[in-house]
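Notes follow the structure.
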Amino acid sequence: MSALAAMADYGACAREWVHMAAQHRLARPADHLGTVLTFRDGTRSRVFRETVAVGATTAEPVLLVIAFRLAFLDDLEPLHAGFRRECLIHTPLFAGFPGFRAKLWLDDAETRIYRGVYQWDGAMDAAGYAPRMVGLLAPFSNRGTARYHLVPGLGRTDYLRDPDLTTGGEQDAWWRLAHPASSF
C-alpha cells in the first residue's frame, strides 16, 4: 500500500472518529484498569486504558493483538508515564476504522513493551488495519518489536477468559495468554 493510500485511510478513520465522538459512541470504561495479563513468553502487562465502540455489535469476531517497544522512550519511567497519558490522542488512528469494537491498552513496566488487545468485527477489516498500524509504529520502535497477530473467529472476552482457545508454539508466546484474566 502506498503512503498516499494509507494517509487517505487514516483521514477517513479520523473523520469517522469525529462522528463517533460527537455522537458519544466511544467510551473509556474503567472496569478493567489495573488488570494484569500474563503471557506465555513470561511477560506481564497491565491494562492502563480501554476504548469501546458503544452499541456496536460483532457478527464476525476477530482478535487482534499488536505489540511494540518505542525506541525513543528507553527505560525512563517519566517518558513512559507521559506516553501513557498522551496516547489517548492516538484514538483517531484506530477507532474510526471499519470493524473496530474495543481495545485494551497494555504496558509492561519491566520490558517496556506496549500491547493493544483489540476486538474487531470482520476478518478483512482487521487484516486491513493491522499492517497499517504496525507499519506506522515500526519506524519508532526497536527493531522487530512492532508486530501483530490476528485470530479470526475468536472474541476478545473468550480470549481473556480461556487462553486454551489459542494455539501456537514458542514464536506465538508474545500474544498468547498463560492464565485467564481475573476481571473478565
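Read the figures in this text as sums done on the coordinates, not as results from a lab. Bear in mind that the values here come from a model prediction, so they are computed numbers and not experimental data. No Cβ is skipped: glycine too gets one built from the backbone with ideal geometry, and neighbour counts run over all protein chains shown.
Summing +1 for each Lys or Arg and -1 for each Asp or Glu, what net charge is found among the other residues whose Cβ lies under 11 Å from the Cβ of Val36? Don't jump to the answer; show the numbers that get you there.
Working: positive: Arg44, Arg46; negative: Asp107, Asp108.
Every neighbour counted, the sum reads 0.
Calculate the FRET efficiency for Met7 and Cys87 from the Cβ-Cβ distance with a Förster distance of 30 Å, rounded to the nearest 0.05.
On the way: r = 20 Å, r/R0 = 0.68.
FRET efficiency, Met7 to Cys87: 0.90.
Over the chain, what is the relative contact order in percent, taking alpha-carbon pairs closer than 8 angstrom and at least six residues apart? Don't skip to the end; give the middle numbers.
On the way: 329 pairs, mean separation 54.7, N = 184.
Relative contact order of the chain: 30 percent.
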Over the C-alpha atoms of the range 38-184, what are the Rg and the largest Cα-to-Cα span, Dmax, in Å? 14.5, 42
For the range 90-138 and the range 145-174, what is the separation of their C-alpha centers, rounded to whole Å? 14 Å
Net charge, Ser141 excluded, C-beta distance under 12 Å - Lys, Arg +1, Asp, Glu -1: +4
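So if each residue of separation counts as 0.36 nm, and I subtract the Cα-Cα distance between Ala21 and Glu60, what length gain in nm does that give?
Extra length from Ala21 to Glu60 when fully extended: 11.6 nm.
Set the Förster radius R0 to 30 Å, insert the Cβ-Cβ distance between Asp172 and Arg46 as r into 1/(1 + (r/R0)^6), and round the FRET efficiency to 0.05. Walk me through the intermediate numbers first.
Working: r = 21 Å, r/R0 = 0.71.
According to the calculation, E is roughly 0.90.
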